[in-house]
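The values are calculated or read from the model by the stated rules, or taken from the named source; none is laboratory data. If you're wondering where the values come from, they're calculated on a predicted model, not measured in any experiment. Cβ: placed from backbone, ideal geometry, glycine included. Neighbour counts: every protein chain shown.
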Amino acid sequence: QWWNERIGTGEGQPVFDNGSGLSRDERITAGELAKMLQVAWRSPVMSELMSSLPASGVDGTLKRRALRSGGAAHLKTGTLRDAAGVAGYVDGASGRRYIVVAIANHANAAAARPAFDALVDWATQD
């Protein structure tokens, strides 16, 4: 219901199980997650969302992952066996804010971390 009212209906709607992101039954594409982040950015709870996302090089799962460019990012990372991902907001050098989403589903998904880090760093260098 929430998804249909705010993002719309169509093919490839996500499947939410318990909302924790730890369920093997949940399904969402990178594009759908990016749409959700766009809607969240324009919502009244945006400031709470941003404060809940770890900041690169500052806290949470990103404390030891400062961007090489020195840029700023607020991201959620996730890892399960055979799956890894990163999603959130990245501030470019120009002052523009970008939504970045990357998901890897593979037996060696954890090996995608350097590619995720490179993607986020690249987005800061607009």
For segment 91-126 the number of residues that are in contact (Cβ under 8 Å) with a residue 40 or more places away in the chain, touching a Lys or Arg at 6+ places or on another chain (Cβ under 7 Å) and assigned to a strand (DSSP E or B) is 0
Condition test on PRO114, is it exposed (fewer than 12 other Cβ atoms within 10 Å of the Cβ), closer than 26 Å to GLY8 by Cα and not hydroxyl-bearing (Ser, Thr, Tyr)? no
Can you pull out every residue in segment 51-79 that is modelled with pLDDT of 75 or more, within 26 Å of ASN105 (Cα to Cα) and surrounded by 13 or more Cβ atoms within 10 Å (Cβ to Cβ)? LEU53, PRO54, ALA55, SER56, ALA73, HIS74, LEU75, LYS76, THR77, GLY78, THR79
